[in-house]
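Reviewing the structure listed below.
The values are calculated or read from the model by the stated rules, or taken from the named source; none is laboratory data. Values in this document were obtained by computation on a predicted structure and should not be read as measured data. Because the Cβ atoms are built from the backbone with ideal geometry, glycine has one as well, and the counts that use them run over all protein chains shown. The accessibility values were calculated without ligands, DNA or RNA, using every heavy atom of the protein model including side chains. Shrake-Rupley method; radii C 1.70, N 1.55, O 1.52, S 1.80 Å.
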Amino acid sequence: MTTATTTKGLAGGNGSMLLTLMKLRTFIALFAVIAFFAIFAPNFLSAANLILMSKHVALNAFLAMGMTFVIITGGIDLSVGSIVGLCGMVAGGLILNGIDLQFGYTIYFNVFEVCLITLFVGVLIGAINGLLITKLNVAPFIATLGTLYVARGFALLSSDGQTFPNLVGKPELSTTGFGFLGSGRLLGLPVSIWILVVVALAAAYVARYTPIGRQIFAVGGNERAARMSGIRVDRVKMFVYMFSGLCAAIVGVVISSELMASHPATGNSFELNAIAAAVLGGTSMSGGRGTIGGTIIGAFVIGILSDGLVMMGVSSFWQMVIKGIVIIVAVVVDQAQRRLQQQVALKQLAARE
Amino acid sequence: MAGMDEGDVVLRLEDVTKVYSGIVAVKHANLALRRGAVNVLVGENGAGKSTLMRMIAGVERPSLGRILLEGQEVEFNSPADAQKHGIGMVFQELNLFGNLSVAENIFATREIVRGIRGIDHRAQVEKANAFLAKLDAGIDAESMVDDLPIGQQQLVEIAKAISLDTRILILDEPTSALSAAEVDILFKVIGELKAQGVAIVYISHRLEELMRIGDYITVLRDGQITGHAMVCDIDTRWIVRSMIGSDAKDFAKSISHKLGGEVFRAEDICLPRKTGGLAVDHLSISVRAGEVLGIYGLMGAGRSEFFECVMGRHVNSTGRIYIDGEEIGSRDTSTRIKRGLALIPEDRQREGLVQVLSIAANLTLASLERFTRFGFHIRDEREQGAIAQAIRDLAIKAPNPDFDITSMSGGNQQKVVIGKALMTNPKVLLMDEPSRGIDIGAKADVFRTMRRLAGEGLAILFSTSDLEEVMALSDRIAVMSNGKVTRIIDREEASEEIIVKAASVGHRSRETAS
């Protein structure tokens, strides 16, 4: 998956050994955590556990992919956690209560329609973020901080803070079968994993093989030059925030489906995990650099780390400390790699002339 | 000459040379600065004036040669070091903190403190106001620098330099943003400083200014001092001759071809300046297919701003633009590119390149749609083909197009920016200072490319502040000054003197313009 990068590697094959090791650091980290827990955590490598972990990781991976595109353009999306919560409530509310048309009638949608509407809500909130940032020139941090509160507020308002329980649906309204997304299986793997694979391949394809993908990198690398090259910067930004909203909506639907219930506080602080996964996977917070493959691996490292520590019985307080250290180390190594890479490139330039 | 050298010399440069990564900016220069006099330095862009001054101000260190201050050899390791020796400099680009007040700027790094009680703001404001009053600028020391118009910011910079109580004061193009009234005040202050025995170094392109204020004049060309005289002994003709020299360099203009019909026309382009007045002032111009129109002008003449208006960069610009006789209504840059306009921006790093992308990705950035299937899938082989062709056509020295763009020299980066623009298949190519900051070999390549493209029927507008360049490359020359075209002449009829004169016309008429 890491081959799906748009900023192609520079130093070519003749970089030093150290550089190659540093470039593969996310892989190495992944194997290190897997090897560590395989030895120290009982049952870690059992199929049941691996699948369970993948399901946990998938949720963060969706958000992290959306976040990666946003960060590559030089922005940030803090609202994804709240979008997860709100979209879960939208899905739950539609299945349980439908839409009340006031004068005695209530519309119910089938599960497929419910999912589509929910995804649309996620994209819509993303579009609002995008409009605030492009048309009203609000800084991404502030705009999405605002929608973070607004979306969470609406999620809580939708049920007065209560949970929508027991989303089994009624056969006569064809609202049954919502649980398939969260607990169904295809070819032995959970449905949510399949969705992740599809979305990840699509995102990697967009990054590598489409004009909009290239433009995402260009906008993050040098917005003025992108504008002068005729790139419609506002459109690119709208796209990344809407995609991020879509990813968050998927997570909202999947979580509600897994639990067969929607709780308005779901997704609290998910945005931080998503940012951590993206950064761990080599996405640069200053924009212009990042890969979908790297982000997925980053999400796995974080997910496996926390699940493995739980299995080893490490206190959750220590888990937070360890997670924080891993993120900081990752960024420090990233900086070191970039410096080394520049040195190698300079040497090559000097050798040529 | 012997009589001249007996002036009261405060600082002397002896056989000074400065080399930057392969380029010699100053060659064996000898210069003497005299106390109580205005020492004028003149030369074309890139002649080495600023480098020379930066060495005196401690920003750069000479590669060879020595600096004598009052007969003693000195070495400046930093601007602060030079300041301690009484040398102050006002740089061409303003070095002010926009988010701080005028007083805070003037006393930056040498704040007036009262021990543990911190900065004495009231004393700073009082002292700053005293300096500003000298400049008669009506600036309040407590106002934010960002809130001042550019001209007043420049005065703040000058006030700051004066407040240093220097014995040598270097002014690098201090009047480029000043109105005529402000210039008069500045000259009055310079006169006072002179009377106090301060040695002033004055750099400017405006010849009439130099004649008015200068005492001694030194002319630089290609890093060498080519003329030295007392201002009272010479005239502007002498300056131009020393600046340009007689040995005109050989440029690519040789193959002539037939010009086509009019391709591009701009009518009545106006762009208001943020600080009042017009940066581009009712400008109209037209270019024919296959024609190279050179736009000559000094810094701040409005050339870049005009190009930016044409590309639709400024929301509040007005005027009309026609391509092939058809008006382009949309203001949007990407529509204008689609209609056949392309710009090579002046500032390559900030507006031309995306540094994190590879050479290849930079080349195709503006024309990705050309390589797609179904409108979204980029076809690798088609893109690679176009990249290989551009590298060949423009003689880009890129061992591997997948390398980072930053791994190339400035000249090759410029060729990539040109290649990117050409991939959009433009009808009109706007080039803003296309030869800026690139080495001689790359320059020749760029000029050859320009002539070749013109031969293929492209209309080219390029701006430059290099006289030789504009004379050698253009079919027609438009001279800009203060946002206006002051003269349009065919190359056959043009002479350096006419151009230099037309380029400084606006300065006098600025009062009426604003």
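Here are the numbers:
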read-out: Number of partner chain Cβ atoms within 10 Å, mean per residue of A:205-211; value: 4
read-out: Charge sum, other residues only, whose C-beta stays under 15 Å from A:Phe300's C-beta, Lys/Arg counted +1 and Asp/Glu -1; value: +2
read-out: All-pairs alpha carbon distance profile, chain B, 20 Å steps from 0, percent; value: 21, 51, 26, 2
read-out: Modelled label reach - B:Ile119, point 7 Å along Cα→Cβ, the range B:132-174 residues with backbone N closer than 13 Å; value: B:142-145
read-out: Net charge dipole size for the protein assembly as shown [Lys, Arg +1 and Asp, Glu -1 on Cβ; Debye, nearest 20]; value: 2020 debye
read-out: DSSP beta bridge pairing in the range B:4-244, given as percent antiparallel to the nearest 5; value: 60 percent
read-out: Cα long-axis angle, helix A:316-352 against chain A (0 to 90 degrees, to the nearest 10); value: 40 degrees
read-out: Contact order relative to length of chain A, as percent, for alpha carbon pairs under 8 angstrom and 6 or more apart; value: 34 percent
read-out: Order by protection proxy (mean Cβ within 10 Å, highest first), peptides A:106-116, B:369-379; value: A:106-116, B:369-379
read-out: Solvent-accessible area buried by pairing A with B, both sides, nearest 100 square angstrom, 1.4 angstrom probe; value: 3000 Å²
read-out: Fraction of beta bridges assigned by DSSP in chain B that are antiparallel (%, nearest 5); value: 55 percent
read-out: Debye intensity ratio I(q)/I(0), log10, the range A:68-266, q values 0.18 Å⁻¹ (C-alpha model); value: -1.16
read-out: Filter on B:Lys134/B:Lys194; B:Lys27/B:Lys160; B:Lys127/B:Lys160; B:Lys18/B:Lys49; B:Lys134/B:Lys160; B:Lys397/B:Lys443 - keep pairs with C-alpha separation over 20 Å; value: B:Lys27/B:Lys160
read-out: Rough spin-label spacing in nm, given labels placed 7 Å along Cα→Cβ, for A:Ile328 and A:Arg185; value: 4.2 nm
read-out: Relative contact order of chain B, defined on C-alpha pairs under 8 angstrom at six or more residues apart (%); value: 15 percent
read-out: Long-range amide H partners of B:Val485 with built H, under 5 Å; value: B:Ser284
read-out: Apportionment of accessible area to carbon and sulfur, the range A:68-266, percent (1.4 Å); value: 69 percent
read-out: Anisotropy class of the protein assembly as shown from Cα gyration tensor, a/c 1.5 cut; value: prolate
read-out: Between the range B:64-94 and the range B:360-421, the alpha-carbon center distance in angstrom; value: 45 Å
read-out: Cβ neighbours within 10 Å from other chains - mean over B:355-368; value: 6
read-out: When the convex hull of its Cα atoms is projected in every direction, mean area for the range B:345-491 (nm²); value: 9.7 nm²
read-out: A:Arg338 versus B:Ala108: modelled label distance in nm, points set 7 Å from Cα along the beta carbon direction; value: 2.5 nm
read-out: Per-residue ³J(HN,Hα) for the range A:199-213, Karplus 6.51 cos²θ - 1.76 cosθ + 1.60, θ = phi - 60°, Hz, x for Gly and Pro; value: 5, 5, 4, 4, 5, 5, 5, 4, 5, 9, 10, 10, x, 4, x
read-out: The protein assembly as shown, helix-only ellipticity at 222 nm - DSSP H runs n ≥ 4, -39,500 (n - 2.57), divided by all residues, nearest 500; value: -15000 deg cm²/dmol
read-out: Projected area averaged over orientations for the range B:4-244, convex hull of C-alpha atoms, nm²; value: 13.6 nm²
read-out: Net +/- balance of residues flanking B:Glu157 in space, Cβ distance below 15 Å, scoring K and R +1, D and E -1; value: -4
read-out: Kyte-Doolittle mean at least -1.0 and Cα axial length at least 15 Å: DSSP H helices in chain B; value: B:121-135, B:150-163, B:180-195, B:410-422, B:440-455
read-out: B:Asp402-A:Thr163 pseudo-label distance in nm [points 7 Å out on the Cα-to-Cβ vector]; value: 5.2 nm
read-out: Amide proton proximity set for B:Leu220, modelled H, under 5 Å, gap of 5+; value: B:Val42, B:Gly43, B:Thr226
read-out: Average accessible area per residue (Å²) across the protein assembly as shown - probe 1.4 Å, nucleic acids and ligands excluded; value: 43 Å²
read-out: Rg/Rh for chain A, where both radii come from Cα atoms and Rh is the Kirkwood radius; value: 1.00
read-out: Cβ-Cβ FRET estimate between B:Ser330 and A:Glu113, R0 fixed at 41 Å, reported to 0.05; value: 0.55
read-out: Number of partner chain Cβ atoms within 10 Å, mean per residue of A:229-237; value: 6
read-out: Using alpha-carbon coordinates, inclination of helix A:111-134 to the longest axis of chain A, degrees; value: 50 degrees
read-out: Karplus 3J(HN,Hα) series, Hz, for the range B:286-298 with 6.51 cos²θ - 1.76 cosθ + 1.60 (x for Gly, Pro); value: 9, 9, 9, 4, x, 9, 10, 9, x, 10, 9, x, 7
read-out: Qualifying lysines (Cα of each under 17 Å from Cα of A:Lys23; at least 8 residues distant if same chain); value: A:Lys8
read-out: Calculated FRET value between B:Asp165 and B:Asp233, using beta carbons and R₀ = 30 Å, to 0.05; value: 0.40
read-out: Amide H contacts under 5 Å for B:Gly65, placed H, 5+ residues apart; value: B:Thr17
